[in-house]
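Since the structure comes first, as structure tokens, the remarks are kept for the end.
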Amino acid sequence: MVTLTALTFAVIEGGATGLVALAVAAVAGLFFVVIERRQPHPVVPLGLFRSRNISAAVAAGAACSVAFYGMVFVFSLFFQQVQGRSALYAGLLFLPMSALIGATNVVSGKLAGRYGPRLPMLIGQGVALAGLLLLLSVAEGTPPALVALLLVPMALGCALTVPPLTAVMMEAVPAERAGLAAGVLNSARQVGGGLGIAVFGALVSGGFVAGMRVSLGIGAALFAVTWLFSFRLAGPASSSGGTPGGRT
């Protein structure tokens, strides 16, 4: 808690105060790792990350949260502060992407059941990456309806990615550690979302459109890395086969 709070504060605050907070985050994080390594029953067994599938799932989950929540935050400000729309109008512009997420989750689960989780993970991350690159074309005068449509691929890509990466995570641990694995994955996603909002918010504060494009570039770079990571490391696990209690 100290590490994550200090790190988020450091990103938002910046300056000398931010550097102090960053140092606090580094020291607290180091203590956490040292203490966890010495405990017979650690809160987060660091050995979990020796599993290639767990590392791939956690990285992909964090990248999805950085991009999705970071972009929702940035574009809600873009509609209101740059284009002068009301808060209600800005909220309605997110309806197309929001309405399709639930249906895409269902499709993703069916794809994972038929082909295994790696394929929808790779497709999802690829679609999200393409969506972020498309959003780089957005400028101050871009029609709001067009921006709303351009947000859809990024959201659908994340919706395709999350269900199968959860399956990968669950299959990579013994049944008695399923709750622990779910907690680690959800924590990674929440941390990614919080840091994405903090980092992107700091970037747009110095010049909105330029900061927005840098933010989009960061999100795209994260997906490019996790796509390669998932392609190489997700392995043959599938939600319809494999050994649920084994190491993959």
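The values are calculated or read from the model by the stated rules, or taken from the named source; none is laboratory data. Remember, predicted model here, so these are calculated numbers, not experimental data. Heads up, the Cβs are rebuilt from the backbone with ideal geometry, glycines too, and the neighbour counts pull from every protein chain shown. Accessible surface is based on the protein model in full, side chains and every heavy atom, while ligands, DNA and RNA are left aside. Shrake-Rupley method; radii C 1.70, N 1.55, O 1.52, S 1.80 Å.
Based on DSSP H segments of at least four residues, each scored -39500 (n - 2.57), the chain has a per-residue ellipticity at 222 nm of -26500 deg cm²/dmol. Sorting 176-184, 106-114, 152-160 by their mean Cβ neighbour count within 10 Å, with the most densely packed peptide first, gives 152-160, 106-114, 176-184. Sorting 221-228, 60-67 by their mean Cβ neighbour count within 10 Å, with the most densely packed peptide first, gives 60-67, 221-228. Kyte-Doolittle cut-off -0.5, length cut-off 20 Å along the helix's own axis using Cα: show which whole DSSP H helices in the chain pass. Qualifying helices: 15-38, 52-77, 95-115, 118-135, 144-171, 178-204, 208-233.
Dividing the mean sequence gap of close Cα pairs (under 8 Å, 6+ apart) by how many residues the chain holds gives a relative contact order of 32 percent.
By its C-alpha gyration tensor, with a ≥ b ≥ c as the square roots of the eigenvalues, how is segment 156-203 shaped: rounded for a/c under 1.5, else prolate for a/b larger than b/c, else oblate?
Verdict is oblate for segment 156-203.
Taking the chain as a Gaussian network, Cα atoms linked when under 10 Å apart, which of Thr104, Thr17, Thr161 shows the biggest mean-square fluctuation? Largest GNM mean-square fluctuation: Thr17. For the chain, the share of accessible area belonging to carbon and sulfur comes to 70 percent (1.4 Å probe, ligands and nucleic acids excluded). Overall, the chain carries a charge dipole of about 580 debye about its Cα centre when +1 sits on the Cβ of Lys and Arg and -1 on the Cβ of Asp and Glu, all other atoms neutral.
Contact order for segment 108-238, expressed relative to its length and based on alpha carbon pairs under 8 Å spaced 6+ residues apart, stands at 40 percent. With the charge dipole of the chain set up from +1 on Lys and Arg Cβ and -1 on Asp and Glu Cβ about the Cα centre, the Cα lying farthest toward the positive end among the listed residues Gly70, Phe94, Gly219 is that of Gly219.
Segment 106-162 and segment 41-100 have Cα centres separated by 12 Å.
Computed over protein heavy atoms with a 1.4 Å probe, the accessible surface of the chain works out to 48 Å² per residue.
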